[in-house]
Amino acid sequence: MSAQSSVATATPADASGSGRDKGSPVGTEAKSARPALTGTGAVHRLGLLREIPVGEARVYAVGDAQIAVFRLRGDTLRAVDAVCPHAGGPLADGQADAGVVICPLHAHVFSLATGESTSGAPPIGCYPVRLAVDGTIELTL
Ligand code: FES
């Protein structure tokens, strides 16, 4: 028997309301310090990589989850919870570099690789994300 996987589509979330693109990571799978959202292993096709400027993020609604996908230099992708666990800040609007994102509300810092906070906040979830050959961002959740 072969492993089953499903492919679902997701829509860009309208949660930010800021009207600007949000930057988020692209690319590699990451470990999370926090248990991931319901892991069914379904692959969700979120959108095209070219829709996210380098260094920014975009939020996608995947089922009941809001996932921020960051596109880093070298087209590395990172997918994390879009909502800050401290007080609900929009992490996709935070400043991000190769390793961390800083929440724009109260400046808690989160690793984009593990989800752990280096500033004392509860961790965020990190999710496997990759770029398909057709340029589509695929998230496993
Ligand atoms: S809401 Fe993110 S640090 Fe407070």
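Nothing in this text is a laboratory measurement; each read-out follows from the coordinates by a stated rule. Just so we're clear, the structure is a prediction, and the values are computed from it rather than from any experiment. Backbone-built Cβ (ideal geometry, glycine too); neighbour counts: all protein chains shown.
Could you tell me which of the residues I124, I67 is out of contact with any Ser or Thr (no Cβ under 6 Å at 6 or more places or on another chain), part of a loop (DSSP other than H, G, I, E, B) and buried (at least 18 other Cβ atoms within 10 Å of the Cβ)? Talk me through it step by step, then tell me what you get.
Values: I67 fails: part of a loop (DSSP other than H, G, I, E, B).
After applying the criteria, what remains is I124.
Pull up the range 47-64, narrow it to residues that are among the β-branched types (V, I, T) and in a loop (DSSP other than H, G, I, E, B), then point me to the one that is nearest to Q95 (Cα to Cα).
V54
Could you list, in sequence order, all residues of the range 61-106 that are more than 16 Å from the ligand (Cβ to nearest atom) and among the small types (G, A, S)?
Matches in the range 61-106: A61, G63, A65, G74, A79, A98, G99.
How many residues are charged (D, E, K, R) and in contact with a helix residue (DSSP H, G or I) (Cβ under 9 Å, 6 or more places away or on another chain) when one looks only at the range 51-72?
Of the residues in the range 51-72, 3 are charged (D, E, K, R) and in contact with a helix residue (DSSP H, G or I) (Cβ under 9 Å, 6 or more places away or on another chain).
For the range 118-136: of the residues being touching a residue at least 24 places away in the same chain (Cβ under 8 Å) and touching a His at 6+ places or on another chain (Cβ under 9 Å), which is farthest from the ligand (Cβ to nearest atom)? Quick ask: steps written out before the conclusion?
Applying the first criterion (touching a residue at least 24 places away in the same chain (Cβ under 8 Å)) to the range 118-136 yields 121-132, 135-136.
Imposing the further condition that a residue be touching a His at 6+ places or on another chain (Cβ under 9 Å) reduces the set to 121-122.
Working: A121: 6, P122: 10 Å.
In this case the residue turns out to be P122.
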